[in-house]
1. Taking region A:36-51 as the search range and keeping residues that are within 11 Å of chain B (Cβ to nearest Cβ) and of a type outside the set (A, V, I, L, M), which one is nearest to the chain's Cα centre (by Cα)?
2. Going residue by residue through region B:2-25, is there one that turns out to be buried (at least 18 other Cβ atoms within 10 Å of the Cβ), among the small types (G, A, S) and out of contact with any helix residue (DSSP H, G or I) (no Cβ under 7 Å at 6 or more places or on another chain)?
3. Take the residues of region A:83-104 that are closer than 30 Å to B:K27 by Cβ and of a type in the set (G, A, S): which is farthest from the other protein chains (Cβ to nearest Cβ)?
4. Taking region A:52-61 only, how many residues are more than 7 Å from every other protein chain (Cβ to nearest Cβ) and either of a type outside the set (G, A, S) or within 20 Å of B:Y61 (Cβ to Cβ) (or both)?
5. Among the helices (runs of 4 or more DSSP H) contained in region A:1-97, which hold 3 or more residues that are among the aliphatic types (A, V, I, L, M) and surrounded by 14 or more Cβ atoms within 10 Å (Cβ to Cβ)?
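A short reminder: the numbers here are calculations on the coordinates, not readings from a lab. Small disclaimer: the values here were computed from a predicted structure and weren't measured. For neighbour counting, all protein chains shown are included, and Cβ atoms are generated from backbone atoms with ideal geometry for every residue, glycine included.
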Amino acid sequence: MTLVQLGLILLAQVSQVAGQVLLKQGMTRTAGRLSRVAAGTAMLAFWFLAWLKLLQGLDLSYLYPFEGLSLVLLVLASILFLGERLQGSTWMGLALIAAGMVLVGLT
Amino acid sequence: MPWSLSAPLHLGLNAALVTISELLLKKGALASAGAPAPRWLSRTGVAALGSGWVLAGILCYLLSFVNWLYLLRRVPLHIAYPVTNLSHALIPLGAWVFLGERFGPARAAGIALIIVGTWFLVRPPDRQGAAP
């Protein structure tokens, strides 16, 4: 994996999570609904195109495990932006996912 | 309720659709790797959208999404979510069988860690503490 590919993976997963948060907000609020849905859709479209680009250069069995990154980011976003507090088992899960991705990344 | 709407069938269908979708996308990405794209989009896989494999993959992805919405109505999330995450195992297995990808025990172990990790994120309500 090159640095460019690593950056694209991070960017793609960040925009996937941000896109989902924006869509969620757009569907539940009345103010600024259209702009949030539009921005969320654009970010998900970028995620998908970046994913296709990554698939052109990386094994699927190597790339797919990094989908786990979106779970880590989603949990972090729920702490930062939604003020949620997490239980010990959630941290355990995140640690396992992170360790798994590092292990896959080294292969 | 007809058998075609049974929850276990649709749980399996979801894992299968997600897996098939990724395999098709990979197939299409490989087939279109050298295809020309506008310069400003060259960092994206936009050229792959012209591949029939990719379009079939998108169709399977959309079907898996509709199927997921149905599952969320029928099945508790603490069951549906871990089953769907079996795609983390099915996709590398599919890549091995259908795409000829080869990998060693380290990658398999990493994937296993990720799957177990996702199981920690969603658990049955009775084992959960105060609702958030």
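1. The initial filter retains those residues of region A:36-51 that are within 11 Å of chain B (Cβ to nearest Cβ), namely A:45-51.
Going one step further and asking which of them are of a type outside the set (A, V, I, L, M), we end up with A:46-48, A:51.
On the way: A:F46: 12, A:W47: 9, A:F48: 11, A:W51: 11 Å.
So the residue we want is A:W47.
2. No.
3. First pass over region A:83-104, keeping only residues closer than 30 Å to B:K27 by Cβ: A:97-98, A:100-104.
Now restrict to residues that are of a type in the set (G, A, S): A:98, A:100.
Details: A:A98: 8, A:G100: 3 Å.
Of everything passing the filter in region A:83-104, A:A98 is farthest from the other protein chains (Cβ to nearest Cβ).
4. 2
5. Details: elements: A:3-28, A:33-57, A:60-63, A:68-80.
Fully inside region A:1-97 and qualifying: A:3-28, A:33-57, A:68-80.
Here is a yes/no grid of residues against (1) within 10 Å of chain B (Cβ to nearest Cβ); (2) within 26 Å of B:A112 (Cβ to Cβ); (3) over 16 Å from the mean Cα position of the chain (by Cα):
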{"residue": "A:V21", "(1), (2), (3)": "no, no, no"}
{"residue": "A:R33", "(1), (2), (3)": "no, no, yes"}
{"residue": "A:L63", "(1), (2), (3)": "yes, yes, no"}
{"residue": "A:L74", "(1), (2), (3)": "yes, yes, no"}
{"residue": "A:F81", "(1), (2), (3)": "no, no, no"}
{"residue": "A:L106", "(1), (2), (3)": "yes, yes, yes"}
